[in-house]
1. Filter segment 109-163 down to residues that are of a type in the set (A, V, I, L, M, F, W, C) and on the phi > 0 side of the Ramachandran plot, then give me how many there are.
2. Among the residues of segment 153-162, are any over 18 Å from the mean Cα position of the chain (by Cα), of a type in the set (Ser, Thr, Tyr) and within 18 Å of residue 12 (Cα to Cα)?
3. Filter segment 192-206 for residues that are out of contact with any Lys or Arg (no Cβ under 7 Å at 6 or more places or on another chain), in contact (Cβ under 8 Å) with a residue 12 or more places away in the chain and not β-branched (Val, Ile, Thr) and give the result.
4. Counting only residues that are at pLDDT 70 or above and under 30 Å from residue 133 (Cα atoms), how many does segment 33-56 have?
5. Considering 140, 129, which residue is in the same structural domain as residue 195 (by TED's automatic domain parsing), part of a helix (DSSP H, G or I), more than 16 Å from residue 202 (Cα to Cα) and touching a residue at least 24 places away in the same chain (Cβ under 8 Å)?
6. Could you list, in sequence order, all residues of segment 201-219 that are assigned to a strand (DSSP E or B) and out of contact with any helix residue (DSSP H, G or I) (no Cβ under 9 Å at 6 or more places or on another chain)?
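The values are calculated or read from the model by the stated rules, or taken from the named source; none is laboratory data. These numbers were taken from a predicted model, which means no experiment stands behind them. When we count neighbours, we look across all protein chains shown, and the Cβ atoms used for this are built from the backbone with ideal geometry, even at glycine.
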Amino acid sequence: MSNNLQTQEQLLFRHEVLKARLDIRDFFLKNTVKEVYENIGQVLSLVRMQLAMLDVDKKEIIKSSESPGHLVGQSIRDLRVMCKSFYPDADIVSEEGFVEVVRDTIKILFQYTDPVIEITGIPKEIQPELKLVVFKMIQEILTLIKEPEGTFVCLTIAYTEQEVQFIILYKGRAIPFNNKINDSTDLTLEERAQLIKGKLNLTKRKNGLMQIQLTHPLKYAYE
C-alpha cells in the first residue's frame, strides 16, 4: 500500500470515529429527552397535583411511597441515570459496557423487547476507536431492520483467534448495505466494512430468519 493511500485511509477512519461519536451521542440524547418528558414530566405533574390538594393546616407529613418528597427524590435519581446516556463513549469502548449499550439501543428501537445477546469464544480487546465505528454500524443496521417493521431476534458476538463476528438475526426484509444513510458525504455500511478490513454479509436461513454478519480482523492496526 502506498504512503498516500495509507494516509488517506487513516484520515477517513479518524473521520468515521469522530462522526460515530457525534451520531451516537445524538441518538441517546434524543431518547433521553423523550424519557425526561414522558416519565419525569408525568411524575412532577403528579407531585404538583398532590401539593395542590394538601391541607395547608395539616401538620402530618406524608411518608408513603407516593408522597411528593419521595416522588421528587425518585425523579432526581432517574434524571441522573438518564444523563449518563448523553456521553456513552466510555461505556462503549469497554467489553461489558459495549454489550450493555447495544442492549439499551435494542430496547430503544424495539420497545417491549428483552434483547437476547450471546457471546461465544474468549472475548479479546478491540481497539477503542474501532469499537465506536463498529457500534455505529450495528446501530444503523438495527435502525434499518426496524424501519420496515422488522423484528429483532438475537445478536451473537463470536470471537476467534483472528477475528470477531457480530451476527444479527431478525424477521423482516433484506436491508440495503449500499444505500447512503444520511447524505452523500457518508460512507455506506459496505464501504465502512471495507474501511475496517471487514466483511458484511446478509443471508436468509432455512427457518426464514434473516442473518446479517459483520466480521473484522482483531490484529489489524486501525489508525
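1. So in segment 109-163, the residues of a type in the set (A, V, I, L, M, F, W, C) come out as 109-110, 116-117, 119, 122, 126, 130, 132-135, 137-138, 141-142, 144-145, 152-155, 157-158.
Right, trim to on the phi > 0 side of the Ramachandran plot and you get none.
Residues in segment 109-163 being of a type in the set (A, V, I, L, M, F, W, C) and on the phi > 0 side of the Ramachandran plot: 0 in total.
2. Keep residues of segment 153-162 that are over 18 Å from the mean Cα position of the chain (by Cα), which gives 158-162.
The next check asks that each one be of a type in the set (Ser, Thr, Tyr); those that pass are 159-160.
Remaining after also requiring within 18 Å of residue 12 (Cα to Cα): none.
Looking for residues that are over 18 Å from the mean Cα position of the chain (by Cα), of a type in the set (Ser, Thr, Tyr) and within 18 Å of residue 12 (Cα to Cα), one finds none in segment 153-162, hence no.
3. Looking only at segment 192-206, we keep the residues that are out of contact with any Lys or Arg (no Cβ under 7 Å at 6 or more places or on another chain), and these are 192, 194-206.
After this cut, where a residue has to be in contact (Cβ under 8 Å) with a residue 12 or more places away in the chain as well, the list is 192, 195-202, 204-205.
Correct list: 192, 195, 197, 198, 199, 200, 201, 202, 204, 205.
4. Counting residues in segment 33-56 that are at pLDDT 70 or above and under 30 Å from residue 133 (Cα atoms) gives 0.
5. Details: 140 fails: more than 16 Å from residue 202 (Cα to Cα).
On inspection, the qualifying residue turns out to be 129.
6. Answer for segment 201-219, where residues must be assigned to a strand (DSSP E or B) and out of contact with any helix residue (DSSP H, G or I) (no Cβ under 9 Å at 6 or more places or on another chain): 201, 202, 203, 204, 211, 213, 217.
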